[in-house]
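> Input: one structure, supplied below.
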Amino acid sequence: MDQKIYDFIGIGVGPYNLSLAALTEDMEDIDRIFFDQTPKMEWHPGMLIEGTDLQVPFMADLVTFADPTSRFSYLNYLKEHDRLYKFFFFKKLEVPRNEYNDYLQWATDQISGVYFGKKVVDMVDHSDDQGAYYELVILDMDTHKTERYYAKHVVMATGSEPFLLDNMQGFPNEDVIHTSRYLYEKEALMKSDHITIVGSGQSAAEIFYDLLEERENYEFHLSWLTRSEGIFQLEAAKIGQEFFSPDYIDYFHQLPLDKRKEALDTLDPLRHGIDISTLNGIYDMLYHYSVGEEDPKITIQPLTEVNNIEKHDQGYLLKCQQWQEETAFVYQTEKVIVATGYKPNIPEWFLERYEDEIVWEDEHLFKVKRNYELTFKEPKANKFYIVTNLEHSHGTAATNLGLAVQRNMEIINDLTGEERFKLKKPQTFQRFAPKI
């Protein structure tokens with residue numbers, strides 16, 4: 001075969017693989033290329049609500065934890081855009097979401113070998129006199145022609161996709177809306193008489209807050225139903241944040257699967273709570289709206305699960321249950337915003353090709369090594385790294401932007417067989433297991 005064989009190919013270009021691209025951009029001995037099926041770099045465009053911030057500090061950019069002097073750092077982005085003093089006077093560690101998206105686009109424009117509008121549709125193993133390598137079949141989303149690329153190794157970071165419960169599917173997109181499409185449908189939403197948000201977490205809270213602000217000019221009834229026991233804040237104590245560290249990944253990964261699942265439940269307040277500034281902002285606005293109002297047209301109800309949605313006249317009937325007191329009731333609304341989160345985006349071709357070759361920890365969770373290498377029943381000379389669907393194997397680090405760079409440093413070291421990055425330990429004040 002006369003085709004070029006890359007050192008590795010990256011499948012998917014979100015913040016995770018873009019970080020990997022940035023860290024390897026100046027490594028002349030590493031030849032790599034990245035593909036993403038979307039037309040351009042956009043980070044959750046339907047949720048870039050004005051005034052919202054990331055829940056992690058600016059150091060959780062593409063490169064800083066590996067190389068604070070990198071030209072791809074967020075601080076250099078600010079410098080290039082004459083925004084350093086503005087950020088200095090901003091006096092916050094968190095990055096505005098709109099600016100984070102702009103930062104990712106700025107970095108993408110400067111990094112070579114990153115291609116959008118290219119969908120990976122299949123992958124085939126090869127082994128010949130050139131050694132072991134992968135053949136990736138790519139569909140060009142514009143021309144609909146297929147292309148083929150070859151690599152010794154692969155890093156798959158296909159991210160997540162909106163998750164909808166079965167009873168919330170099959171309705172018009174403009175009526176039953178996942179949070180990922182909020183900004184696209186917002187204008188029409190505000191013209192309705194009653195909007196109900198179903199679900200919990202930061203996204204639900206941000207949308208509730210945003211629509212509360214719009215109530216100055218509109219008169220819709222705004223409801224928030226969530227199965228959660230309460231609408232609680234994100235645990236943000238400094239020592240608790242050490243669970244988002246390489247030290248905790250080491251500890252978590254070696255636990256048995258059942259213990260890992262228990263640990264994830266225990267750490268839920270660290271992972272799925274709502275930022276306190278958002279909660280305080282909501283309460284302050286509710287207080288002001290309530291002045292002189294017998295009925296402010298606001299409903300907030302936790303402990304409530306929505307078991308079914310039915311079309312009714314100009315709106316929908318939500319079949320609900322207050323699960324703690326086991327009371328069933330029907331709730332009528334015109335529009336529904338579904339805040340049920342996301343699920344791992346595992347490509348169909350991947351499961352069709354490799355499902356029987358992978359080692360599974362249970363029927364849904366594949367086994368991943370500490371170095372992020374997928375485990376196959378028959379070990380492969382050409383490695384397949386995966387950074388999608390890792391909560392069960394790597395815990396709190398799986399979806400945390402602050403640990404994405406750490407993950408990529410480990411992958412580069414493992415892929416090259418060299419210590420390109422020094423990974424110093426320990427990095428936390430607390431220990432997660434006794435020294436024996």
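Values in this text are rule-based calculations from the coordinates and carry no lab data. All figures in this text were calculated on a predicted structure; none of them were measured in a lab. Using ideal geometry, Cβ is built from the backbone for each residue, glycine included, and neighbour counts are taken over all protein chains shown.
> Along the charge dipole of the range 85-166, pointing to its positive end and built from +1/-1 on Cβ of Lys, Arg, Asp and Glu, which listed residue (GLY113, ASN101, HIS144) has its Cα farthest out?
In the range 85-166, that residue is ASN101.
> Continuing with this model, one more query. Taking square-rooted eigenvalues a ≥ b ≥ c of the alpha carbon gyration tensor, is the range 234-356 rounded, prolate or oblate, where a/c under 1.5 means rounded and, failing that, a/b exceeding b/c means prolate? Mind dumping the intermediate values first?
On the way: a/c = 2.46, a/b = 1.42, b/c = 1.73.
It comes out oblate by the Cα gyration axes.
> Taking Cα centroids, how far is the range 249-315 from the range 148-163 in Å?
31 Å
> Rounded if a/c is under 1.5, else prolate if a/b is larger than b/c, else oblate: which is the range 2-63, with a ≥ b ≥ c the root eigenvalues of its Cα gyration tensor? Spell out each step's value before the answer.
Numbers: a/c = 4.47, a/b = 1.84, b/c = 2.43.
Oblate, because a/c is 1.5 or more while a/b does not exceed b/c.
> Okay, moving on. Place the peptides 413-419, 167-173, 363-369 in order of packing, highest mean first, counting for every residue the other Cβ atoms within 10 Å and averaging per peptide. Don't jump to the answer; show the numbers that get you there.
Working: 413-419: 14.0, 167-173: 12.3, 363-369: 15.6.
So the peptides 413-419, 167-173, 363-369, ranked by packing, come out 363-369, 413-419, 167-173.
> Which ³J(HN,Hα) values, rounded to whole Hz and listed in residue order, are derived for the range 171-180 from phi using the Karplus coefficients 6.51, -1.76 and 1.60 in 6.51 cos²θ - 1.76 cosθ + 1.60 with θ = phi - 60°, glycine and proline given as x?
Going residue by residue, I get 9, x, 4, 7, 9, 10, 10, 6, 3, 5 Hz, with x marking Gly and Pro.
> Something else about it: So what J values fall out for the range 57-71 if you push phi through Karplus, 6.51 cos²θ - 1.76 cosθ + 1.60 with θ = phi - 60°, rounded to Hz, Gly and Pro as x?
Each residue's phi maps through the Karplus curve to give x, 4, 5, 7, 8, 7, 9, 4, 5, 9, 7, x, 8, 4, 6 Hz.
> How far, in nm, would the chain grow between GLN3 and MET59 when pulled straight, counting 0.36 nm per residue and subtracting the alpha carbon separation?
Here the answer is 16.2 nm.
> In whole Hz, what ³J(HN,Hα) sequence does the range 357-362 give by Karplus (6.51, -1.76, 1.60; θ = phi - 60°), x for Gly and Pro?
The phi angles translate into 9, 7, 7, 9, 7, 8 Hz.
> Please state the charge dipole magnitude for the chain, taken about the Cα centre, from unit charges on C-beta atoms (+1 on K and R, -1 on D and E), reported in debye and rounded to the nearest 20.
1200 debye
> Something else about it: Place a +1 charge on the Cβ of each Lys and Arg in the range 300-436 and a -1 charge on the Cβ of each Asp and Glu, then give the dipole magnitude about the Cα centre in debye, rounded to the nearest 20.
1000 debye
> Now a separate question. Using amide H atoms built 1.01 Å from N in the peptide plane, name the residues 5+ places from ASP31, or on other chains, whose amide H lies under 5 Å from its own.
Here the answer is ASP7, PHE8, since their amide H atoms fall under 5 Å of that of ASP31.
> Count the lysine pairs in the range 55-165 whose Cα atoms sit under 25 Å apart, keeping only pairs 8 or more residues apart in sequence or on different chains.
Final tally of qualifying lysine pairs is 6.
> Name the residue farthest towards the positive end of the dipole of the chain from the options ASN408, ALA339, GLY159, assuming +1 on Cβ of Lys and Arg, -1 on Cβ of Asp and Glu, about the Cα centre.
It is ASN408.
> I've got another one for you. Among ALA204, SER192, ILE239, which residue has its Cα positioned farthest towards the positive end of the charge dipole of the range 192-325, with +1 placed on the Cβ of Lys and Arg, -1 on the Cβ of Asp and Glu, and the dipole taken about the Cα centre?
ILE239
> Now, a different point. PHE171 versus LYS369, label points 7 Å from Cα toward the beta carbon: distance in nm?
Label-label distance for PHE171 and LYS369, simple model: 4.7 nm.
> Taking the Cα centre of the range 16-107 as origin and charging only Cβ (+1 Lys, Arg; -1 Asp, Glu), how large is the dipole, in debye to the nearest 20?
Dipole size: approximately 440 debye.
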